[in-house]
1. Scan the range 216-242 and report the pairs whose first residue is within 13 Å of residue 139 (Cβ to Cβ) and whose second residue is among the aromatic types (Phe, Trp, Tyr) and open to solvent by less than 10 Å² (accessible area, probe 1.4 Å), with Cβ atoms within less than 6 Å and a gap of 6+ or a chain change.
2. Specify which of the listed residues (153, 252) is touching a residue at least 40 places away in the same chain (Cβ under 8 Å), over 15 Å from residue 139 (Cα atoms) and not in a loop (DSSP other than H, G, I, E, B).
3. Open to solvent by 20 Å² or more (accessible area, probe 1.4 Å), in contact with a strand residue (DSSP E or B) (Cβ under 8 Å, 6 or more places away or on another chain), outside any helix (DSSP H, G or I) and of a type in the set (A, V, I, L, M): is that true of residue 130 in this structure?
4. Of the residues that sit in the range 88-118 and are touching a residue at least 60 places away in the same chain (Cβ under 8 Å) and under 17 Å from the mean Cα position of the chain (by Cα), which one is farthest from residue 233 (Cα to Cα)?
5. Starting from the range 158-186, keep only residues that are within 12 Å of residue 88 (Cβ to Cβ), then list their pairs with residues that are among the basic types (Lys, Arg) and open to solvent by 30 Å² or more (accessible area, probe 1.4 Å) whose Cβ atoms are within a distance under 8 Å, requiring at least 6 positions of separation or different chains.
Amino acid sequence: MHAFINGVGLMAPGLEGIESSMPLLAGDAVWASKDIQKLSLDMLPANERRRTTRLIKYALCVAAMAVDEPNTKSSIAASVFASSDGDTEIVDKICESLCHSDVFLSPTLFHNSVHNAPAGYWAIATGSCAPSTSVSAADASFGSGLMESMVQLDALEADVLFVAYDCQPPPPLDVKRDITMPFAVALLLGKSPCDSTYSGISIDPLAYQGSAREEARCQNASLELLRCANPAARSLPLLESVFRKQAGDINLPYGNTHLLVSVEP
């Protein structure tokens, strides 16, 4: 299966947008964690904007970066949203509510608790009626979401938007999930190249079987801390190859093994 990366969105501490992140991904700068500026969601109506959570803001911000042209939004045939744990801040608030004798669960908390809430807000923001899939696969969520996106692209013969994101869980949930930094990435995948194409990628759906290779690590050693801090950040070695215009194979976590992604500048 083959695709062209026609749009990219990226948001993490020290990586705010593709333009400012290019020196780091190209290996010309050293990464350092920085506080992220306020995330803007002007694409949403005011009522929905007030109800969004930090996780939803991350997902929508990178999705908007990847499809920054209005006509591109209408050409997307499907979207895939991938998160390892979903909105753990919402889960924590709901669990805390259930511990009280006078249980009151906010309707907003309830509808934001479902795993596909970011996909729903994206549909509201863009007015899209295209189908959407939300997946979760622990630390292999990026690889699993990419595979799902490539399969849909192969079947639909039209653009597919892939978004992967996670935020660090609050205590006491952080004891069970070692996610220490927020990270979100979006790829607009197309069957044909365009003026904004970054690279081509291919996936052999059978190549992962029996693969004994270790998962890819960052070429920029300073990014390794970030790569290991968030399941969505497992995308960093792929992004490095894309922006360094390097041909080669990237091994991504995928279930109990690895998914082989070939980068074709």
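1. Taking only residues 6 or more apart or on different chains, the pairs are 230/183; 232/142; 232/165; 232/183; 233/183; 234/142; 235/142.
2. None of the others qualify; the one that does is 153.
3. Yes, satisfied.
4. Ranking the qualifying residues of the range 88-118, first place goes to 117.
5. 167/54; 169/176; 169/177; 182/54
Residue-by-condition table, conditions (1) open to solvent by less than 60 Å² (accessible area, probe 1.4 Å); (2) over 29 Å from residue 174 (Cα atoms):
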site	(1), (2)
30	no, no
37	no, no
42	no, yes
82	yes, no
88	yes, no
99	no, no
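The values are calculated or read from the model by the stated rules, or taken from the named source; none is laboratory data. In this text, all values refer to a predicted model and were calculated from it rather than measured experimentally. Please note: Cβ atoms are built from the backbone with ideal geometry, for glycine as well, and neighbour counts cover all protein chains shown. The area values use the complete protein model at the heavy-atom level, side chains included, leaving out ligands, DNA and RNA. Shrake-Rupley method; radii C 1.70, N 1.55, O 1.52, S 1.80 Å.
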